[in-house]
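Input: a single structure, listed below in structure tokens.
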Amino acid sequence: MTAPTVTRTVSSAAGAWILFLRVAATYRNSPGLLAVTLAAPLGMMLLFGFVFGGALAGGSDAPAYRSYLTPGVLVLVAAMGLVVTASTVNADLRSGLTDRLRALPVPPVAVPAGLALAETVTGAAALVAMAAVGFLAGWRVDATPADVALAVLLLLAFRFALAWLGIVLGASIRDEQMLQQVAPLIFGAVMFSNVFVPTETMPAVVATIAEWNPVSAVVAALRQLFGSGTTVAADAAWPMQHPVVAAFAWTAVIVAVSVPVAVRRYASSR
């Protein structure tokens, strides 16, 4: 009589940790992936901070504008990681690696959770590098340690949320060329915010859309928490009036919507 085969299922946390180590090893062996995440934001920092900075600051205080710009560029780094995450998921699906991971005795949430965690950690490394660039450009933090800690937590939480959104995109768009075409649209949506200029300088309709952009809420929250915020207009939208609350709320909404969709798409995509 043949003994029954027993399959041992790994817990979600253990499975996610295993997958995290696998993705972390990929970044360790291919550090150029971090450079890809930093390339566009660094270019924007140099372009807007030093080439256009004087004009955008009214020709009087370019260093102050670079200090204003840096929190926005940090959010830009976090947002551009979304494209990297989507590309990673898409490549794993096309190579068949996802099928092998799906065959492991782990809960369906473990694989995307491990990827999201790894992308958040590597994103933190990219954020540290960009913060150092901002410091060299003249950015200084004028806030309490508690506010700084809350700002860092917000940045990491937002990167974690966008990692899940990237998993949804990468698992939903199987065609590599189509995904490459989506990347500029994502960048455009990020730019449609207060990263580079205050929303008060925009036409009314454009300003309203920008103020309700989750990116604008996170940028405004970071400027407030880091002590480099600006005066908010009395008629600004609610997210600009309460940026910290709005930023965490947007982050929670993105996670709540993306996680179940990502798990379902990751488990069923072929």
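A short reminder: the numbers here are calculations on the coordinates, not readings from a lab. Small disclaimer: the values here were computed from a predicted structure and weren't measured. Note: ideal-geometry Cβ built from the backbone for every residue, glycine included; neighbour counts use all protein chains shown.
Here are the numbers for the structure shown:
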{"quantity": "Sequence-separation-based contact order of segment 81-197, relative, with Cα cut under 8 Å and 6+ spacing, percent", "calculated": "53 percent"}
{"quantity": "Within segment 209-231: backbone nitrogen closer than 14 Å to the residue 253 label point (7 Å, Cα to C-beta)", "calculated": "209-218"}
{"quantity": "Farthest positive-ward along segment 74-232 dipole, Cα basis, beta-carbon charges - from 131, 111, 169", "calculated": "111"}
{"quantity": "Segment 112-265, relative contact order in percent, only Cα pairs under 8 angstrom and at least six apart counted", "calculated": "31 percent"}
{"quantity": "Relative contact order %, segment 195-270, counting alpha carbon pairs below 8 Å whose residues are six or more apart", "calculated": "26 percent"}
{"quantity": "Residue 268-residue 136 FRET efficiency (beta carbon distance; Förster radius 35 Å; 0.05 resolution)", "calculated": "0.15"}
{"quantity": "Segment residue 230-residue 185, length gained on full extension (0.36 nm per residue, minus Cα span)", "calculated": "13.4 nm"}
{"quantity": "About the Cα centre, charge dipole magnitude for segment 157-253 (Lys/Arg +1, Asp/Glu -1 at Cβ), debye", "calculated": "220 debye"}
{"quantity": "For segment 196-202, 3J(HN,Hα) per residue [Karplus equation, 6.51 cos²θ - 1.76 cosθ + 1.60, θ = phi - 60°, Hz, x = Gly/Pro]", "calculated": "9, 9, x, 5, 5, 8, 8"}
{"quantity": "Taking only Cα atoms of segment 141-216, radius of gyration then Dmax in Å", "calculated": "15.8, 47"}
{"quantity": "Cut-off 15 Å between beta-carbons: net charge of the residues surrounding residue 243, Lys and Arg +1, Asp and Glu -1", "calculated": "-2"}
{"quantity": "Residue among 193, 95, 150 farthest towards the positive dipole end of segment 76-196, charges placed on Cβ", "calculated": "95"}
